[in-house]
Amino acid sequence: MPGNLEPLDLGIQVPYHFRCPISLDLMSDPVTVSTGQTYDRSSIESWIAMGNTTCPATRVALSDFTLIPNHTLRRLIQEWCVANRSNGVVRIPTPKQPADPISVRSLLSQASAISGTHVSVRSRAAAIRRLRGLARDSEKNRVLIAGHNAREILVRILFDAGRESSSSSELVFESLALLVIFHMTEEECESIASDPGRVGFMTRLLFDSSIEVRVNAAALIEMVLTGSKSTDLKLVISGSDSVFEGVLDLLKNPISSSRRALKIGIKALFALCLVKQTRHLAISAGAPGILIDRLAADFDRCDTERGLATVELLCRLPEGCSGFGEHALTVPLLVKTILRVSDRATEYAAGALLALCTAEERCRDEAAAAGLVTQLLLLVQSECTERAKRKAQMLLKLLRDSWPDDTLVNSDDFGRSEVVPF
């Protein structure tokens, strides 16, 4: 390859040996292969992943696929970046090294050892904490850890620790925090949902003194619900008042107003409310008021869509319409949402308004006063979904003719949005 490459857009010459022979870009994580050639890690990993077994520069067969970090070259590149900072060059960060399979196996072995023998609870928790740090570093590390049967091991550790004394609380904290990082299979989810003891333990964790444990417990509940296909198993999880109270507390408690707590809280509540037979428990636990308060203040676009979908689901019950109708902000907020957030949000808001306006004349008056007619006229002429337009047309008729309640069929399928899991 030529020793004098074209300069980058920065207007300065990048030394040839600082560039990856594959991408020709400045290397950020130089690694050396068995032939002695150095490449940027991401480039050579992509080369190998494509099925290539030779060194790209020399075409010599690679004796193995071990990638050895070239720390000396990386430090030289960093020094060059610092020296050229005035020219707009940004110093490359020191890369985190990928997990080593041997270390992962050792840490999982240490984590799954029986406490009180040769390994303490604290050392087991420390091993899981180390694995969690590796899992957070990269998707590649997560795949490697999961490939060593980590999910099954963590499920066993979590629920075994739940049956032990309070001295295992650190083990519960760490194993739960790591478990929710991974995607669980249907079989793994149903193995948890089919065990009443495990379901009860997850629910109790929603009331733990640690906010992180409560948030992670809600995340695990949402994962198990969405990962299980059996309606009966979903009912086991959603069939208690406590699970709704714990999840809703994440949304209403000022202490838990972190973005992650709100995001996981609304995801878990939506998953629970997809179970038709237990939606009334969400209403009795105070979901209408909490949802409207949060929708008025804190959610981002995706969470707003989930929140509105949950409102639409709960409005399919008479007590749901009554609960939302009692909140002064419900109708104005739903009217304001139309055409403001997204097509999906508009559809859910229109579906909820249709249910509310069908149920109570007072809601029709509030909607008209909030400017719903104008919004609906704009909606039917927009490029929104056909379902949303149908809801708008029905609402326009309802507001114009004041149809009696029994004109609209009260079912999950008639005149409703098709609310599906996100």
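The values are calculated or read from the model by the stated rules, or taken from the named source; none is laboratory data. Quick caveat, the model's predicted, so the values are computed rather than measured. For neighbour counting, all protein chains shown are included, and Cβ atoms are generated from backbone atoms with ideal geometry for every residue, glycine included. Side chains are part of the model used for accessible areas, which takes the heavy atoms of the whole protein and leaves out ligands, DNA and RNA. Shrake-Rupley method; radii C 1.70, N 1.55, O 1.52, S 1.80 Å.
Observations, loosely collected:
- Per-residue surface analysis assigns E186 an accessible area of about 80 Å², computed on protein heavy atoms at 1.4 Å probe radius.
- The chain shape via C-alpha gyration tensor axes, a/c threshold 1.5: oblate
- Heavy atoms of V90: accessible area, 1.4 Å probe, square angstrom to 10: 120 Å²
- Positive-end extreme of charge dipole, the chain - chosen from C302, L313, M394 (charges on Cβ): C302
- Rounded to the nearest 10 Å², the accessible area of M50 at probe 1.4 Å: 150 Å²
- Extension gain, H17 back to V82 (0.36 nm per residue minus Cα-Cα distance, nm): 21.7 nm
- Spatial separation of Cα centroids for region 48-103 and region 371-388, in angstrom: 54 Å
- Rolling a 1.4 Å probe over the heavy atoms of the protein chains gives region 16-87 an accessible area of 53 Å² per residue.
- The listed residues E366, E383, once ranked by accessible area (1.4 Å probe) with the largest placed first, stand as E383, E366.
- D100 versus T66: modelled label distance in nm, points set 7 Å from Cα along the beta carbon direction: 1.0 nm
- Non-local Lys pairs in the chain, i.e. 8 or more apart or on different chains, that have alpha carbons under 17 Å apart: 10
- Percent accessible area from carbon and sulfur atoms, region 16-87, protein chains only, probe 1.4 Å: 53 percent
- Stretching S382 away from A297 to a fully extended chain increases their span by 27.9 nm, per 0.36 nm per residue minus the current alpha-carbon distance.
- For T54, residues with placed amide H under 5 Å, excluding near neighbours: L62
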